[in-house]
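Quick note: the coordinates plus some simple rules give every number you see, no bench work behind them. This is a predicted model, so every value here is computed, not measured. Here the Cβ positions follow ideal geometry from the backbone for every residue, glycine too, while neighbour counts run over all protein chains shown.
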């Protein structure tokens with residue numbers, strides 16, 4: 001990791017205080033309560049600044065587009081529940097941080113090595129709080145949704161099952177430190193409920209410059225489309241994880257991408273007259289709003305200087321959530337991952353040149 005180092009049972013950190021040695025007496029065992037102060041309070045000023053990302057979204061929702069009252073009510077109820085999830089997450093992170101530290105789930109910020117802050121134990125795997133609060137909000141929202149169509153509940157609950165599965169596997173990875181070869185398989189396994197419940201189209205639109213060469217405008221991929229969705233889940237989860245290690249970067253990029261997804265979806269809803277098309281994009285909003293709210297709460301602690309680490313639990317959770325948002329929302333959101341494409345392609349070009 002670029003900014004943190006987990007405590008290893010075989011290799012204690014060189015900058016750690018003597019109180020971490022195995023042969024300690026009664027006096028030294030009391031030192032962690034002194035050297036490990038409580039985590040810093042949330043950065044509310046940062047949250048207010050980042051909330052500016054929502055101004056274009058609110059303008060489109062309330063003023064620019066004539067959205068149906070029932071759909072707008074569902075979106076607002078979801079937004080209110082997401083806001084409640086933000087405050088719950090802010091309150092629960094300090095509580096959870098004490099528990100994970102007791103279980104030796106902590107790391108050291110190696111960017112602060114050589115300073116007093118570099119010897120402070122930073123709680124790890126706090127993404128589990130975000131995942132739990134997100135799932136509670138998403139599940140409770142089903143009771144307050146005003147849309148009459150019940151077919152979306154099957155795919156909606158399948159999406160929640162995938163997210164829950166991925167959050168659990170991410171926490172297992174934080175605890176057991178799973179090898180990277182196994183990590184590549186985890187998103188594919190977690191995406192199985194979504195792939196089995198998916199009943200949407202399996203076609204793709206051919207880019208216009210290629211239509212004269214291929215001869216068709218729409219191509220039906222059949223079962224290969226579900227294979228593509230499984231690979232997309234792998235890409236999304238690892239694209240968030242590829243930037244892990246710098247304070248606030250994993251959560252920060254999720255906030256930016258989720259904000260872009262919200263703006264795109266509300267524009268598609270306002271510009272379309274197809275009820276099914278609108279419902280698909282509303283589905284994306286119902287998941288993107290809780291993701292954005294809970295991620296903002298975590299970012300208030302993870303922003304530099306970070307007082308908590310998110311762990312692989314959050315990166316897997318956020319990646320899988322954005323994967324199901326794009327798959328079941330039926331929209332093209334790959335451009336929102338353009339930074340991840342650059343991070344993936346640059347090393348390939350460098351290693352290929354060497």
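For this structure, a couple of remarks:
- Relative contact order (%) - criterion: Cα under 8 Å, at least six apart; region: the stretch 141-272: 19
- Fully extending the segment from residue 274 to residue 77, taken as 0.36 nm per residue of separation minus the present Cα-Cα distance, adds 68.6 nm.
- Rounded if a/c under 1.5, otherwise prolate or oblate - the stretch 193-269, Cα gyration tensor axes: prolate
- The tail of the calculated P(r) for the stretch 145-262, taken as Cα-Cα distances beyond 24 Å, holds 44 percent of the pairs.
- Cβ-based exposure ranking for 267, 322, 81, 224, in which fewest neighbours within 10 Å come first: 224, 267, 81, 322
- Here the calculated FRET efficiency for residue 99 and residue 63, from their Cβ-Cβ distance with R0 = 56 Å, stands at 0.80, rounded to the nearest 0.05.
- Full extension of the chain between residue 184 and residue 143 yields a length gain of 11.2 nm, computed as 0.36 nm times the residue separation minus the alpha carbon distance.
- Pairwise FRET efficiency - residue 231 versus residue 91, Cβ, R0 = 41 Å, nearest 0.05: 0.60
- Divided by 2.2 N^0.38 Å, where N counts the residues, the Cα radius of gyration of the stretch 42-353 comes to 1.02.
- Residues 201, 213 arranged by fewest to most Cβ contacts within 10 Å: 213, 201
- Look at the alpha carbon pairs under 8 Å that are at least 6 residues apart: their mean separation over the length of the stretch 42-353 gives a relative contact order of 29 percent.
- In terms of its C-alpha gyration tensor, the stretch 101-160 has a prolate overall shape, because the principal axis ratio a/c (a ≥ b ≥ c, square roots of the eigenvalues) is not below 1.5 and a/b outweighs b/c.
- Computed extension gain for residue 176 through residue 218, at 0.36 nm per residue and net of the alpha carbon distance, reaches 10.6 nm.
- From least to most packed, judged by other beta carbons within 10 angstrom and beginning with the fewest, 263, 139, 327 follow the order 139, 263, 327.
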